[in-house]
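Asks: Quick one: the structure is below, and I'll ask about it shortly.
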Amino acid sequence: MIRIRDIVQQALTMGYLTIEAEDQLRDLLSTKYDLEDLNAFMTLQHASMSGRIKQQSRVIRYKTTAEDRINQASRQAG
């Protein structure tokens, strides 16, 4: 079974956290985990906050929001 620390290591190596990995983390965090996994998750949070890794879910959300703004501006101008 995959562990939190494995997902974190993969994200840190790639510099990217996929939506699938986020879902796996949610599932794993709802179960019992050890201190090493907790520490790994905190490392992942710090990496995300400092910009060392990107989250696919946030990239998609930002892109969608930007496209919506462009479309809205086009409609208002036209």
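Read the figures in this text as sums done on the coordinates, not as results from a lab. Keep in mind the model is a prediction, meaning the values are calculated, not measured. No Cβ is skipped: glycine too gets one built from the backbone with ideal geometry, and neighbour counts run over all protein chains shown.
Asks: Quick check on the exposure proxy: order Thr18, Thr31 from fewest to most C-beta atoms within 10 angstrom.
Replies: Thr31, Thr18
Asks: Further question: Check which residues have an amide H placed less than 5 Å from Leu17's amide H, if you skip close sequence neighbours.
Replies: So Leu17 has HN proximity to Lys54, Gln55, Gln56.
Asks: Could you list Met49, Met14 so that the one with the fewest beta carbons within 10 Å of its beta carbon is first and the one with the most is last?
Replies: Least crowded to most crowded, the residues run Met49, Met14.
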